[in-house]
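Heads up, the thing below is written out as structure tokens.
The values are calculated or read from the model by the stated rules, or taken from the named source; none is laboratory data. This one's a predicted model, so the numbers in the text were calculated from it and none came from an experiment. Here the Cβ positions follow ideal geometry from the backbone for every residue, glycine too, while neighbour counts run over all protein chains shown.
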Amino acid sequence: MTRKLKAFSIAPFFRALADLTRLRLLNLMADREICVCYFVGILGISQPKISRHLAYLRREGIVAARRQGKWMHYRLVTPADPVAASILQETLRHLRQRPALRTDLAKLGSACCKPQTFALPENAPHPSMTQVSST
């Protein structure tokens, strides 16, 4: 039995981008995989609330997750739809220019664990990552 691909719908995609907490989460994982504990430490929001927002982003196909021990690690996924991919990339580029969101990024080095120590297991699928230029 062949599985039918879900057609892309722009309205839910825009709803996913229409929340400041979700934008802050996307900004933090724009070019790296992040442990959920990082989000809690940086954003100062409870883990259940962050998990609800991440689940929303996962449903829209913007974020993927993997479990490592007791922690979940999240990464940005480039939408298959070229219009959505372009909108997401441009949104991320503009987020980097916002002072409050730059402050979130500056906190990455002081959260509970170091993002540079995250590595995908050897046989794990490598996601398509959205690259954001700093210009």
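Values for this structure:
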{"read-out": "Residue list for the stretch 44-55, restricted to those being of a type outside the set (Lys, Arg) and either touching a helix residue (DSSP H, G or I) at 6+ places or on another chain (Cβ under 6 Å) or without any contact (Cβ under 8 Å) to a residue 12 or more places away in the chain (or both)", "value": "Gly44, Ser46, Gln47, Pro48, Ile50, His53, Ala55"}
{"read-out": "Some residue of the stretch 37-53 being modelled with pLDDT of 95 or more and either under 18 Å from Pro79 (Cβ atoms) or of a type in the set (Asp, Glu) (or both)", "value": "yes"}
{"read-out": "Among (1) among the small types (Gly, Ala, Ser); (2) modelled with pLDDT of 95 or more; (3) not in a helix (DSSP H, G or I), the one test that Ser86 misses", "value": "(3)"}
{"read-out": "From the options Asp31, Asp81, residue that is modelled with pLDDT under 90 and either under 11 Å from the mean Cα position of the chain (by Cα) or buried (at least 16 other Cβ atoms within 10 Å of the Cβ) (or both)", "value": "Asp31"}
{"read-out": "Extreme residue, nearest to Lys107 (Cα to Cα), among residues of the stretch 20-55 that are out of contact with any Leu (no Cβ under 9 Å at 6 or more places or on another chain) and not in a helix (DSSP H, G or I)", "value": "Gly44"}
